[in-house]
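Below: one structure, written as structure tokens.
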Amino acid sequence: YAQYSHFKIHSEQDYYKLEIDGYEGNAGDSLNDPWYGSNNSPFSTYNRDNDRSSLNCASMLKGGWWWKSCGRGLNGLYLHDPQDLTARQGIVWFRWRGWDYTLKKATMMIKPKGPQPQVAGTT
């Protein structure tokens, strides 16, 4: 698993930039890699190319993500063969299993930090 104590997605005006810090876990900190990580990167899609690469990473890699330079992310394709030669388009957490291993699925869970106010009429 990979857990971050600080996780923030900025506004539309900032292209939904991802800001993360405080890694804890046993899967490796792929989001903070200085070249391929996602920290402080705007979100890119095939029709909104906001990454630093001259290529359209989201189009090439078949999914939107906080790309820096067309690394790999969790919004890729599910490849039936984890060692598929098109692994660059797969779901990859490179600090865990390396660049060519694609995952079957990934789950991102986000919760508010600290106690939450009670809503009237709920228990």
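Every number here is computed from the coordinates shown, using simple stated rules; none is lab data. Keep in mind that what you see is a predicted model, and the values were worked out from it rather than measured. We place every Cβ from the backbone using ideal geometry, glycine too, and count neighbours over all the protein chains shown.
The figures follow:
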{"read-out": "Where Rh is the Kirkwood radius over Cα pairs, Rg/Rh for segment 3-107", "value": "0.95"}
{"read-out": "Amide proton proximity set for residue 49, modelled H, under 5 Å, gap of 5+", "value": "none"}
{"read-out": "Stretchable slack from residue 116 to residue 10, in nm (0.36 nm times residue separation minus alpha-carbon distance)", "value": "36.1 nm"}
{"read-out": "In nm, spacing of pseudo-spin labels at residue 103 and residue 45 (7 Å Cα→C-beta vector)", "value": "2.2 nm"}
{"read-out": "Low-density loop cleavage sites - chymotrypsin sites (Phe, Trp or Tyr not before Pro) in segment 1-106, where at most 10 other Cβ are within 10 Å (DSSP)", "value": "1, 35"}
{"read-out": "Sum of -39500 (n - 2.57) over DSSP H runs of 4+, divided by residues of the chain (222 nm, nearest 500)", "value": "-1000 deg cm²/dmol"}
{"read-out": "5 angstrom amide H check on residue 90, placed H, neighbours 5+ away", "value": "77"}
{"read-out": "Longest segment of the chain lacking trypsin sites (Lys or Arg not before Pro) that sit in a DSSP loop with at most 10 other Cβ atoms within 10 Å", "value": "1-103"}
{"read-out": "Whole-Hz ³J(HN,Hα) from phi, Karplus 6.51 cos²θ - 1.76 cosθ + 1.60, for segment 55-72, glycine and proline x", "value": "8, 8, 4, 4, 5, 5, 9, 6, x, x, 5, 8, 7, 9, 9, 6, x, 9"}
{"read-out": "Likely footprinting exposure, 6, 80, fewest C-beta neighbours within 10 Å first", "value": "80, 6"}
{"read-out": "Across 68/113; 62/111; 17/62, pairs whose alpha-carbon gap is larger than 25 Å", "value": "68/113; 62/111"}
{"read-out": "Mean separation of Cα contacts under 8 Å, 6 or more apart, over the residue count of the chain: relative contact order %", "value": "16 percent"}
